[in-house]
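Encoded as structure tokens, the structure appears first; notes follow it.
The values are calculated or read from the model by the stated rules, or taken from the named source; none is laboratory data. Keep in mind it's a predicted model, so treat the numbers as computed, not measured. Here Cβ is always computed from backbone atoms with ideal geometry, including for glycine, and neighbour counts include all displayed protein chains. Please note that ligands, DNA and RNA were not included when accessible areas were found on the heavy atoms of the full protein model with its side chains. Shrake-Rupley method; radii C 1.70, N 1.55, O 1.52, S 1.80 Å.
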Amino acid sequence: MTADDFTRDDMICKIVGFSQLQGYTEKTQMDYFYGAKCLLDWLETQCGRTWQERWLNGEPSIMNWGEAPSVRNRKHFDSMRLALSPLLCLRVLRPSYEWLNHQHFNKLHLKLSATTDTEDFRMIKETAKLMKFSGHSTLRTMLCATLIAIHTGKRISAFTLEDLQEYDEKRKLGIHYLVTAASLWNVLRYNRIIEGGLATSGTSKIVGALESEELLDKYLILDPDQRFVFASYLDHCSVQCSPLALKQEAAFLLEAFWRDILHHHPEQLTFEVSRSIANAWKKRKKVDPDTGERMNAAGVFSTVRAFYAFLDERAREDPETWEKFAAYNPVDLADIQGEEKLTSDGNAKKRKDTAEKLQYLGIFWETLRKNSENAMRLLEAARQAGPGEQFEANGKQFLRVPTSRSLISTENYGTVSVKVTEVGHPGAKNIDAVSQEHSAFWIWASMDLLLRTGLRPWELYRLEKADISKIVDTNNNVVPCLMIRAGKTDEPRVVQLTPKAVATLSHIMRRVQGELDSYPAVPRFEVVEGEYVEDAQLILQKSLSSYRSGFYGTELLRWLHTFHADLYEQRMLPDWVTFTPKDCRRLVATKMYIKGVPLLEIQRFLGHKHLQTTSLYIGEPIDTLLQQLKGVWDD
């Protein structure tokens, strides 16, 4: 029996059975039963021979559920949506993209993953882990797969390139416009489910790095033997690398090494590179051709050394085919170690930069706070003013710009945009007050917490509500703290919170929870454990158009870049001073050392495994052991 042959009783049994499959309580199963009756009553009023035809004919009337004439009250609305999800998961109903683009499905991918499409979603998660997707990319991949699956009625393993292409064109017209098909395409290509390139906006196609032949064409590798060897190596790497990492590997090997060799020595036909040619090549890679400055070539050297090790290994495994390609490795281990020594020079520069930045930290920190407060006052005043009305905020006159339609804010996708412009400045650009307040708050909140806690940026991004705790100090005082899970070191650590840190943390949590009954949870990819967590109550999270998400570093860096540009324009900071989330730990360590905190305590606070690592974070010269011992025995 197909879905088109289902009777009304069959549909009710499918919906209630779905709730039982998920282990819901009897009360929740009764909610599903009531919702099924409401939904089917409405479907039976529509024209059509099958349930699918009735759904498509009735879609326009429920494009916006809350405004639909068939929805009598809030309970009716919630019940119909509750009963719809099993029919979507079971592919009994297949909505159009026009309808899907108006709907919020926060957890439908979780229902698919837990019931009808367990294996397919496990494949997505495992591939995302192997390809080192961020949590954000993993979530978008599953959302994209969910929307395509319930529209086409197919299993994920049966998707075609045309399915992805159709979705990517339709999603631009609705609230899912951020959920592109690019990540899902990479997953399906990796698992050999689809082939070919995906056309996208902004570029002609995403062609990926899984086709080694395409990379060889890009770098004009024409010799058949060379193409065979390089293709074998890239295919070998593709099992362990993400597409982006594989492209970088190909650039190092084919462009920075082999094409450079052929450019200077066209007579070179084999992989047996003489020592003189190899030394000349290594010398070129160590110097920037444009500036003449010393470069760190460790990445290129490591790739080339790995390539020749691959040739040697294959020659031992299959001498008949590979022995003629085996050659002396032009990169010694000493070459790579020599490049890594440049890191010590970099550490010295970082210590110097930290000491210089510390002089401007107070101005930067205070300006961050005032910028957030000013942005909040502007937004509140703009919301009180009507479209076309003037208002005052922060000592300036603004005009709320009337708009012909409700625009989604470019930064805070879950809210409606509020456009304003400053009066008396002809040609001034409109300001999205919502986006400005959103970015101003989060760069202040994140930098403030990092400076008050000494957390690593990624520790802050993965911080959860459950990590907030309290301890009793030696004076029997209860002290709030953060329980930081083991990451770079094997041991977790406790970070005590000052009253100001607690105030910032409370401000963030009140903002995130808003009017919700409980603190919201979001899915994320846990990098350290290598697992996908379905419901993580992340401290730092935002509401997007169709789902909630945690923050990621590139977003905050982009906002900080814009904030720094304004400070440079106002001459509040020298243009060579830039504060990033990674700088905060060095600034905290240096300030603690200047205040007389012992180095061992700073090490424990920052969570370093080795004391030497902590010493590299200090922007002030540390006394040597000899200086500390000087005069110990002089009485």
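Only loop residues by DSSP count here, and only those with at most 10 other Cβ atoms within 10 Å; note down the trypsin sites (Lys or Arg not before Pro) in region 537-601 that meet that. Let's see the in-between values first.
Details: sites: Lys542, Arg548, Arg558, Arg571, Lys582, Arg585, Arg586, Lys591, Lys595; in loops: Arg571, Lys582, Lys595.
Listed in order of number, the matching sites are Arg571, Lys595.
Taking region 155-196, which trypsin sites (Lys or Arg not before Pro) meet the DSSP loop condition and have no more than 10 other C-beta atoms within 10 Å?
Numbers: sites: Arg155, Lys170, Arg171, Lys172, Arg189, Arg192; in loops: Arg155, Arg192.
Qualifying residues, ordered by number: Arg192.
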| query | Can you work out the FRET efficiency for the pair Asn57 and Cys13, with r the C-beta to C-beta distance and R0 = 30 Å, to the nearest 0.05? | reply | 0.80
| said: Using protein chains only and a probe of 1.4 angstrom, how many square angstrom of His104 are accessible, to the nearest 10? | reply: 90
| query | Between Glu373 and Lys609, how many nm apart are label points set 7 Å from Cα along the C-beta direction? | reply | 4.4
| said: Could you report the accessible area of Ile363 in Å², rounded to 10, computed with a 1.4 Å probe on the protein chains as they sit in the structure? | reply: 80
| task | State, to one decimal in nm, how far the label point of Gln337 lies from the label point of Lys349, with both points 7 Å from Cα in the Cβ direction. | result | 2.4
| task | Distance check, please: which entries in Lys285/Lys324; Lys170/Lys429; Lys170/Lys218; Lys350/Lys591; Lys125/Lys154; Lys470/Lys500 exceed 24 angstrom between their Cα atoms? | result | Lys285/Lys324; Lys170/Lys429; Lys170/Lys218
| How much accessible area does Glu119 have with a 1.4 Å probe, in Å² rounded to the nearest 10? | 120
| field | 5 angstrom amide H check on Met572, placed H, neighbours 5+ away | value | none
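Just to confirm a number: summing +1 for Lys and Arg and -1 for Asp and Glu over residues other than Arg400 whose beta-carbon lies under 13 angstrom from that of Arg400, what do you get? List each step's numbers first, then the result.
Working: positive: Arg383, Lys419; negative: Glu380, Glu389, Glu392, Glu422, Asp432.
Residues close to Arg400 contribute a combined charge of -3.
Could you order Met592, Met142, Met30, Met295 by accessible surface area, starting with the largest, using a probe radius of 1.4 Å?
Details: Met592 40, Met142 0, Met30 115, Met295 70 Å².
Output order, biggest surface exposure first: Met30, Met295, Met592, Met142.
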| Which whole-Hz ³J(HN,Hα) couplings does region 262-278 yield from phi under the Karplus relation 6.51 cos²θ - 1.76 cosθ + 1.60, θ = phi - 60°, glycine and proline marked x? | 5, 5, 8, 9, x, 6, 6, 10, 10, 7, 7, 8, 5, 5, 5, 5, 5
| remark: By the Cα gyration tensor axes a ≥ b ≥ c (a/c under 1.5 gives rounded; else a/b larger than b/c gives prolate, otherwise oblate), the shape of region 279-393 is prolate
| query | In terms of modelled amide H atoms, which long-range or inter-chain residues lie less than 5 Å from the amide H of Ile431? | reply | Val420, Thr421
| query | Regarding region 556-621, what are the three Cα extents along the principal axes, ordered largest first, in Å? | reply | 41, 22, 14
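Treating only the Cβ of Lys, Arg, Asp and Glu as charged (+1, +1, -1, -1), what charge dipole size does region 249-394 show about its Cα centre? Round to the nearest 20 debye.
Details: 22 positive and 26 negative charges, 129 e Å.
Dipole of region 249-394, to the nearest 20 debye: 620 debye.
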